[in-house]
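Taken together, the values in this text are just the output of simple stated rules run on the coordinates, not laboratory data. Remember, it's a predicted structure, so these values are computed and weren't measured experimentally. Positions of Cβ are generated from backbone atoms using ideal geometry, with glycine treated the same way; all protein chains shown enter the neighbour counts.
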Amino acid sequence: MSVIVGPFRLSPELFVRTNLRYQCSEQCNARCCEEGVSATLYEVARIKEHADEIQPYLIEPYDFSKWDVSRPADIGTPLLNENKPGEQCWFLRANRLCALHTYALDKAIPVASIKPYFCLFFPLTLIDLDVNVTEIGVDGKAYDTCLVPSEREGYLFRQFERELRRVIGDARYFELERRYPD
């Protein structure tokens with residue numbers, strides 16, 4: 001059964017004690033970026049506003065005018081080596097860091113002002129349960145990319161504290177900590 005905090009439903013898997021840990025909080029391997037991520041028209045427009053300044057951060061230059069936004073419900077980040085070995089999000093740098101994230105830090109602008117929401121939210125995702133009912137859960141890709149076995153048992157919601165706080169806020173996260181102590 002989902003846990004409800006304010007207007008948010010949180011997946012039951014976040015509240016089952018498990019022997020998994022979120023390795024990317026220590027050392028990101030960027031495997032989650034290999035297939036790109038969903039983006040909105042608004043996010044594409046924000047990124048395009050910085051297109052020329054982003055170019056030096058990319059492995060290869062990208063022609064932002066070719067970013068396919070003809071089907072707004074299916075927009076994704078552009079892919080380098082699409083449908084070939086080494087396919088990855090075009091914004092993934094050779095050092096396995098995100099070009100958009102690095103650019104934002106270098107320019108002292110908020111990362112959330114340029115990076116797509118689902119990049120910021122991963123390894124969590126939104127799951128449509130019904131009309132007007134959305135749950136926050138663990139993205140299935142996380143089990144293959146960034147969740148690894150751990151000797152210590154704990155709740156996944158604690159592993160994803162930063163991502164959850166970004167969406168549900170500090171007060172609601174504190175409420176979860178009170179309801180589910182270690």
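Pop the C-beta distance of Val16 and Arg165 into the FRET formula with R0 = 25 Å and round what comes out to the nearest 0.05. Provide the component values of the computation, followed by the final result.
Numbers: r = 20 Å, r/R0 = 0.82.
Calculated value: 0.75.
Note the listed values (1) 16.8; (2) 17.7; (3) 21.6, then indicate which one is Kirkwood radius over Cα pairs in Å calculated from this particular structure.
Recomputing Kirkwood radius over Cα pairs in Å here picks out (2).
Enumerate the amide H contacts of Leu79 below 5 Å, restricted to partners 5 or more residues apart or on another chain; note that Pro and chain-start residues carry no placed amide H.
Under 5 Å from the amide H of Leu79 lie the amide H atoms of Trp90, each far enough along the sequence or on another chain.
Want the number for Asn132 to Ile109: 0.36 nm per residue separation, take away the alpha-carbon distance, what's left?
Values: separation 23, 0.36 × 23 = 8.28 nm, distance 3.28 nm.
Result for the pair: 5.0 nm of gain on full extension.
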